[in-house]
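Data first, discussion second: the structure below is written as structure tokens.
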Amino acid sequence: MRIVSVREKTVPISSPIANAYIDFSKMTCSVIAVITDVEVEGRPVIGYGFNSNGRYGQGPLLRDRILPRLAEADPKSLVDEENDNLDPFAIWATVMKNEKPGGHGERSVAVGALDMAVWDAVAKIARKPLHRVLAERYLKAAPDDRVWVYAAGGYYYPGKDIPQLQDEMRGYRDSGFRVCKLKIGGASLDDDRRRIEAALEIVGEGNLAVDANGRFDLATAIQYAEAIEPYGLFWYEEAGDPLDYALQAELAKHYERPMATGENLFSAQDAKNLLLYGGMRPDRDWLQFDCALSYGLVEFMRTLDFLDELGWSSRRVVPHGGHQMSLQIAAGLQLGGNEAYPGVFQPFGRFADDTVIDDGYIRLPDLPGVGFEANSALYEVLRGASGE
């Protein structure tokens, strides 16, 4: 059993939308195909992966540094003999050889995309959905039979007015979502309050989350906190720089309702530091670590170990990214839910074509691997990366 080749292709996911910090007009994504010599029904098993939105494609880093280490490794060193499968942990250690700790950024995104493809291949070789592989191996239990999801939207868009924003939120609710998210921080506080109030008219109190994408300094973060607390929001997300734990800890003293952060922390150690020094409260706050940006599922499981050590439940984790990999992890490792992108970052922001959202919950298809093949538009992009 061996990996025959790994192919990478950089594709655009550009969009005219913007959050408080960046626009997505030139956004790209790395798509990866891990081709193995294992055959199922006469076809080679191919694992697919990609990096999550918000960070650019990682082609040069993958081609120049990460993938050559994999190609040079002894194929036997990458095999999990106990499970007669590829070993994601050995592959991870191989591609991270000679990498110094710290400085997590683009490197973590490149490895995260590759790791996704490896786990897709592992589950396909096992002929099981990834969520079942994870639950059986690591929880010794059955996976969750459904996953809570929320609709991430409410971006700033040229010419988008209040009625259009309300139409967007109404569309999410009509699709079966209960909780919806709105971007803030890209306009004045008064304008953002009007947007919040308009969205609440559609989704109702307790069903709206807001996201500042790290835009605020401490004074502004507190000013917003005081202004929005009466609205009874689902959460107040990433008010300041993701590594400014002091800001997050101080903000917790001024905002009693739930907060959320973590999508831009790219290692288990950074996640641990947030929990130790960021003032996050395990009884109400939410953690949004995204495996596809943070060295993949191998590192994500180390993060979950830290959560357990520090008294946090895995149910407080709702990953960023809106992709099928995190959806599989949420079901298999019993997380709190998953982000969804019903209107943006397509085709990467979609689940299976026949997905039904029922009162905010979805069920996963019973397909081997991550289930990309059930997302027809995304599968065409992934097949293009593999050369099929």
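The values are calculated or read from the model by the stated rules, or taken from the named source; none is laboratory data. Treat the numbers as computed from the prediction; the structure is a model and nothing was measured. As a convention, Cβ positions derive from the backbone with ideal geometry for all residues, glycine included, and neighbour counts pool all protein chains shown. These area figures cover heavy atoms from the full protein model, side chains too; ligands, DNA and RNA do not enter into them. Shrake-Rupley method; radii C 1.70, N 1.55, O 1.52, S 1.80 Å.
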- [ ] Go through 113-123, 343-353, 42-52 and give me the packing order, highest mean Cβ count within 10 Å leading.
- [x] 113-123, 42-52, 343-353
Open item on the list: Through the Karplus equation 6.51 cos²θ - 1.76 cosθ + 1.60, θ set to phi - 60°, convert the phi angles of the stretch 283-291 into ³J(HN,Hα) values in whole Hz; use x for Gly and Pro.
Closed with: 8, 8, 7, 10, 10, 10, 4, 10, 4
Task: Carbon + sulfur, % of accessible area of the stretch 327-388 - ligands and nucleic acids excluded, 1.4 Å - done: 48
Open item on the list: Please state the shape class of the chain: rounded when a/c is under 1.5, otherwise prolate if a/b exceeds b/c and oblate if not, all from the C-alpha gyration tensor.
Closed with: prolate
Open item on the list: Which order do the peptides 125-134, 100-109 come out in when sorted by mean C-beta neighbours inside 10 angstrom, highest first?
Closed with: 125-134, 100-109
Task: Amide H contacts under 5 Å for VAL317, placed H, 5+ residues apart - done: LEU287, GLY336
- [ ] Evaluate the distance, in nm, between pseudo-label points positioned 7 Å from the Cα of LYS76 and of GLU256 along their respective Cα→Cβ axes.
- [x] 6.5
Task: Dipole-positive endmost among TYR48, GLY278, ILE35 within the chain (Cβ charges, Cα centre) - done: ILE35
Task: Integer Hz, Karplus 6.51/-1.76/1.60 couplings in order for the stretch 362-368, x for Gly and Pro - done: 9, 10, 8, x, 8, 10, x
Open item on the list: Of all beta bridges DSSP finds with both residues in the chain, what is the antiparallel percent, to the nearest 5?
Closed with: 60
- [ ] Using a Gaussian network model of the chain whose springs link C-alpha atoms within less than 10 Å, name the residue from TYR231, TYR138, TYR56 with the highest mean-square fluctuation.
- [x] TYR138
- [ ] May I ask you to give the percent of accessible area on the stretch 1-55 that is carbon plus sulfur, with a probe radius of 1.4 Å?
- [x] 47
Open item on the list: Along the Cα→Cβ direction, 7 angstrom out, place labels at PHE89 and ASP358. What is the inter-label distance in nm?
Closed with: 3.6
Task: D (Stokes-Einstein, µm²/s), Kirkwood Cα radius, the stretch 10-60, 1.306 mPa s at 10 °C - done: 124
Open item on the list: Ignoring ligands, DNA and RNA, please state the percent of accessible area on the stretch 195-293 from carbon and sulfur, probe 1.4 Å.
Closed with: 47
- [ ] Taking the Cα centre of the chain as origin, work out the dipole magnitude from +1 charges on Lys and Arg Cβ and -1 charges on Asp and Glu Cβ, in debye rounded to 20.
- [x] 480
Task: FRET efficiency estimate (nearest 0.05) - Cβ-Cβ, SER376 to TYR21, R0 35 angstrom - done: 0.60
TODO: Could you provide, to the nearest whole Å², the per residue accessible area of the stretch 133-212 with probe 1.4 Å?
DONE: 42
Open item on the list: Within the chain, count lysine pairs with alpha carbon atoms under 17 angstrom apart where the residues are 8 or more positions apart or belong to different chains.
Closed with: 5
Open item on the list: Which order do the peptides 266-274, 315-323, 18-26, 241-249 come out in when sorted by mean C-beta neighbours inside 10 angstrom, highest first?
Closed with: 315-323, 266-274, 241-249, 18-26
Task: Among GLN324, GLY343, PRO12 the positive-end extreme of the charge dipole of the chain (Cβ point charges) - done: PRO12
- [ ] May I ask you to compute the full-extension gain from ARG302 to ALA187, defined as 0.36 nm times their residue separation minus their alpha-carbon distance, rounded to one decimal in nm?
- [x] 37.6 nm
TODO: Take the Cβ-Cβ distance between ASP217 and ASP64 as r, set R0 to 56 Å, and report the resulting FRET efficiency rounded to the nearest 0.05.
DONE: 0.90
Open item on the list: Using a Gaussian network model on the chain with a 10 Å cutoff between Cα atoms, which of GLU373, GLU226, GLU263 fluctuates the most?
Closed with: GLU226
- [ ] Express in whole angstrom the spacing between the alpha-carbon centres of the stretch 268-341 and the stretch 93-142.
- [x] 15
Open item on the list: Can you list residues from other chains, or at least 5 along the same chain, whose modelled amide H is less than 5 Å from the amide H of LEU86?
Closed with: ASP80
Open item on the list: Over all directions, the average projected area of the alpha-carbon convex hull for the stretch 1-137 comes to how many nm²?
Closed with: 9.8
TODO: Determine ³J(HN,Hα), in whole Hz, for all residues of the stretch 352-361 in sequence, where each value follows from phi through the Karplus function 6.51 cos²θ - 1.76 cosθ + 1.60 and θ = phi - 60°; x replaces Gly and Pro.
DONE: 4, 4, 9, 4, 10, 8, 10, 6, x, 10
Task: MRE, 222 nm, helices only [DSSP H, n ≥ 4, -39500 (n - 2.57), over the chain, to nearest 500] - done: -10500 deg cm²/dmol
Task: Candidates GLY112, GLY159, GLY59: whichever shows maximal mean-square fluctuation once the chain is modelled as a Gaussian network with Cα springs under 10 Å - done: GLY159
